[in-house]
Amino acid sequence: MKMNKEVLYLGLDVHAENIAVAIAEEGRDGEVRNYGMISSDLHSVEKLLRKLGHPGKELRVCYEAGPCGFVIARRLKKMEIDCAVVAPSLTPKGSGDKIKTDRRDARMLARLHRAGELTAVHIPDERDEAIRDLCRARTDAVHDLRSGRSQLKAFLLRNGYRYTEKTAWSYAHMRYLRELVLPHAAMRVVLEEYLQCIDAANERIERLEVHMKALLDEWHLAPVVKALMGFKGYKTVAAMITVSEIGDIHRFAHPRQLMAYLGLVPSESSSGGSRAQGAITKCGNGHLRWIFNECAQHYRLPPKVSQELTTRQEHVAKSHRREMQEISWRCQNRLHERGRKLAARGKTRQKVQIALARELAAFVWEVMRLVTPTADGTHVEVNTARRTNNTVGAEPTAKKKVRTYTLKNP
């Protein structure tokens, strides 16, 4: 007869140098106690877990997502130890808790993990996280470029120099800056240093984009990226950022869950018979929300399948090309009509753009679910028939069709 193992819930408050450990015993009235502090290196963690997890004990570990990443979680997974990385923003906290220490945090995590009150985040694959870091490095380079340009413009404006032509940072603008003669030697040094900073940032962006395109073919999610590039407004950079940040699309059972993950849903404060909605929540992945807002701007233009878009759609796998083209065309018509109606109602440009980004998330969810294989290697086949007005991503005049999902062997 198989004996049931005693379950111990471990809360880890992880920092760069050390980890505070707390243990909660199984049962509602089980003891919650501090175990102590250990070093944050993996050898110390493994030694602790081997000591606690002797025969007859089952360990369930949790720690909050933070700058230390997912190294501990991946290592525990290889050791076949249950480990959850939880979202700090969704951890229940009392309004009267005014004392915060590492030991208190570890005890709180152990107790809440035992109660099942914590929300785990998605742990990406090592390859996916590496591609995501590459995409984020490109975004960091863009931020450095914008910062350098802003500093240079502020320097010239302080000294009475202002570029009056229409297009800034074009070839003509850069030639104007390089031919600019300043009266003082110190000012010439500052100008040259800012120009060198801008040139270095541009070169860095170009190098990173070259590496992104070179590594795309080796990535197991390359078919998903190419399918997403069949959408208007999505090229290599935007598609790779979107796919790497979303990760496993199958963890979102409905497109509204993806919208909430992006922070594009309105906030709400309702009580009793009154209902009040406010600005979008802006929770979740801000980098991904920015990409959706940028790509949604393209759908203000009338629907059109350009030659460039046709070329990108030809690179999609033949097994999914037809469905992807139908979703892409529905997306253009739906979002353009939606933007036109909202603008006619007097909505501001910002509100229209957010609304388009929110609906764009539904179409991205649909095509990614279509192409991305599930954990068992199968694909979710999506019925791309026209939707009704009550369905996300619907055309205004569509007839009612039932949306079904079936598993299909690849």
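The values are calculated or read from the model by the stated rules, or taken from the named source; none is laboratory data. Note that this is a predicted model, so its numbers are computed, not measured. So basically every Cβ, Gly included, is an ideal-geometry build from the backbone, and we count neighbours across all protein chains shown.
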Of the conditions (1) surrounded by 15 or more Cβ atoms within 10 Å (Cβ to Cβ); (2) under 27 Å from Arg132 (Cβ atoms); (3) touching a Lys or Arg at 6+ places or on another chain (Cβ under 9 Å), the single one that Glu25 does not satisfy is (2)
Conditions (1) at positive phi; (2) in contact with an Asp or Glu (Cβ under 8 Å, 6 or more places away or on another chain); (3) of a type in the set (Asp, Glu) -> Glu58 fails only (1)
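How many of the residues in the range 161-203 are basic (Lys, Arg) and assigned to a helix (DSSP H, G or I)?
At the first step, the residues of the range 161-203 found to be basic (Lys, Arg) are 162, 166, 175, 178, 188.
Pick out the ones that are also assigned to a helix (DSSP H, G or I) and you get 175, 178, 188.
Selection size over the range 161-203: 3.
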Among (1) of a type in the set (D, E, K, R); (2) surrounded by 14 or more Cβ atoms within 10 Å (Cβ to Cβ); (3) in the same structural domain as Gly11 (by TED's automatic domain parsing), Asp97 falls short only on (2)
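Let's see how each residue does on (1) on the phi < 0 side of the Ramachandran plot; (2) free of Cβ contacts under 8 Å to residues at least 40 places away in the same chain; (3) part of a helix (DSSP H, G or I):
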site	(1), (2), (3)
Gly278	yes, yes, no
His298	yes, no, yes
Thr310	yes, yes, yes
Trp329	yes, yes, yes
His336	yes, yes, yes
Gly339	yes, no, yes
Within the range 224-249, residues surrounded by fewer than 18 Cβ atoms within 10 Å (Cβ to Cβ) and part of a helix (DSSP H, G or I) come out as Thr236
Within the range 33-76, restricting to residues that are closer than 29 Å to Asp128 by Cβ and of a type in the set (Phe, Trp, Tyr), the one that is surrounded by the most Cβ atoms within 10 Å (Cβ to Cβ) is Tyr63
Going through the range 250-276 in order, the residues found to be modelled with pLDDT under 90 and either basic (Lys, Arg) or part of a loop (DSSP other than H, G, I, E, B) (or both) are Ser269, Ser270, Gly272, Gly273, Arg275, Ala276
(1) under 21 Å from Leu370 (Cα atoms); (2) without any contact (Cβ under 8 Å) to a residue 60 or more places away in the chain; (3) assigned to a loop (DSSP other than H, G, I, E, B) all hold for Lys282 apart from (1)
